[in-house]
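Let me begin by presenting the structure, written as structure tokens, before commenting on it.
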Ligand code: HEM
């Protein structure tokens, strides 16, 4: 009964620390309280990050063979690297994502988002549905990332397909056929990354110049593309969906009584795109009152920690600026704390500023649907229509509502993973 709770009401009671078996029978220690989650994140000696990218559904030989054909390897690089090389790799990546470089992208991103908003506004006024995931948020983070970090010359949709495939392959409950499909997708793009890592400039060149071997350069690019693109596009979608149901917050933004930055932080607290993150116990220890054996997989329930009544005044209410709002752990903490946090915040701030007015007077045609996944929410769409506007047929580039594709739903209800989630009550 572990992360079935993704689909349970958010205020359902949970112990501070619980042992729960996953869909393949592996036991995990789930940590729900803010103070305990922070304690684990802040202690990389007792709780190592080595298992951060381990596949939660063990890969069968057929999928491993496909990955091997593409010479796929993911050595400890960033999030899963508890070794002595981590600080040096992290510092090269952090330079590329320096807050000053991020801030310099803001005018460009504002212009791009404004342009999209004008198009979406016209479509809504004409009575059409728009998908704020596909038509707005899906590719924005990648477009910004490509201005900060030199990336392989690949079509945007190939990169987003690869990134989503990686999130599914490593963090979802899967059957063997699906694992092979995903292994092929991930392996193919890994090959592109390997070629780019050998010759590319920018971050890849800096990592090579600092003496890091090719596998490390590939690993850094791999993780950046997944972390820098999917996390943020998911967050933008979830935040917009949440704000569609928060008219008082929108009114406060309009009136200037609610700060954009506070809305972003409250969004990260209540709608984090990364629901859990893992560590592995390196030694026998205790966490709170619970004995933890060396080798235990520790699942840190970041979303739940953000709603801990011990840290937040009104844990379940979306109240920008409330006491404890900024103390969320959506970006982790300690030595591996997210280095893209300023970038994600900047992107979310631009979207809140420019897109939220569009939400006034819209009706949600389809809320985001999120598949079973231990860690990532992965919303698939967020379709709205302006209430009272004349109905019209869809024009080019705009989305008509549809039911969530049946093929995307996983068949069995796994123990570790929640059944399908409707955003807003699932994290
Ligand atoms: C809302 C968006 C995002 C969220 C919620 C998020 C969350 C996280 C979390 C939970 C971790 C693990 C932290 C830990 O182990 O303590 C992490 C690590 C990381 N994130 Fe993010 N992230 C986001 C956006 C980004 C972006 C935009 C980038 C880069 C372009 C990025 C790059 C990274 C990197 C490189 C790491 C590994 C850091 C290390 O191990 O030293 N993330 N992120």
Grab every C-alpha pair in the chain, bin the distances at 10 angstrom width from 0 up to the longest one, and report whole percents. 4, 21, 33, 28, 12, 2, 0
Please give the length that would be gained between residue 108 and residue 389 if that part of the chain were fully extended, namely 0.36 nm times their separation in residues minus their C-alpha to C-alpha distance (nm, one decimal). 98.0 nm
Quick one: check the C-alpha center-to-center distance for segment 211-277 versus segment 16-33, whole angstrom. 26 Å
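Compute the FRET efficiency between residue 19 and residue 68 as 1/(1 + (r/R0)^6), taking r as their Cβ-Cβ distance and R0 = 41 Å, and round to the nearest 0.05.
0.75
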Of all the C-alpha pairs in segment 51-198, what % are more than 28 Å from each other? 36 percent
Could you please state, rounded to a whole Å, how far the C-alpha centre of segment 62-93 is from the C-alpha centre of segment 134-179? 17 Å
Where does each of 171, 14 land when they are ranked from fewest to most other beta-carbon atoms within 10 angstrom? 14, 171
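For a test of the definition: using alpha carbon positions, the gyration tensor, and the 1.5 limit on a/c, classify segment 290-377 as rounded, prolate or oblate.
prolate
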Determine the percent antiparallel among the DSSP beta bridges restricted to the chain, to the nearest 5. 85 percent
In nm, give the distance between the simple-model label positions of residue 126 and residue 326, each being 7 Å from the Cα along the Cα-to-Cβ direction. 4.3 nm
Which of the peptides 67-75, 370-378, 259-267 is most tightly packed, and how do the rest follow, going by the mean number of other Cβ atoms within 10 Å of each residue? 370-378, 259-267, 67-75
With a point put 7 Å past each Cα toward its Cβ, work out how far residue 43 is from residue 255 in nm, to one decimal. 4.6 nm
Report the FRET efficiency, 1/(1 + (r/R0)^6), for residue 195 and residue 337, where r is their Cβ-Cβ distance and R0 is 41 Å, rounded to 0.05. 0.85
Projected area averaged over all directions for the convex hull of the alpha carbon atoms of segment 183-301, nm², comes out at 12.5 nm²
So for R0 = 35 Å, FRET eff. of residue 12-residue 98 from the Cβ-Cβ r, to 0.05, ends up at 0.25
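Bear in mind that the values in this text are calculations on the coordinates, not laboratory data. Every value quoted in this text rests on a predicted model; they were computed, and no experiment measured them. With ideal geometry, Cβ positions are generated from the backbone for all residues, glycine too; neighbour counts draw on all protein chains shown.
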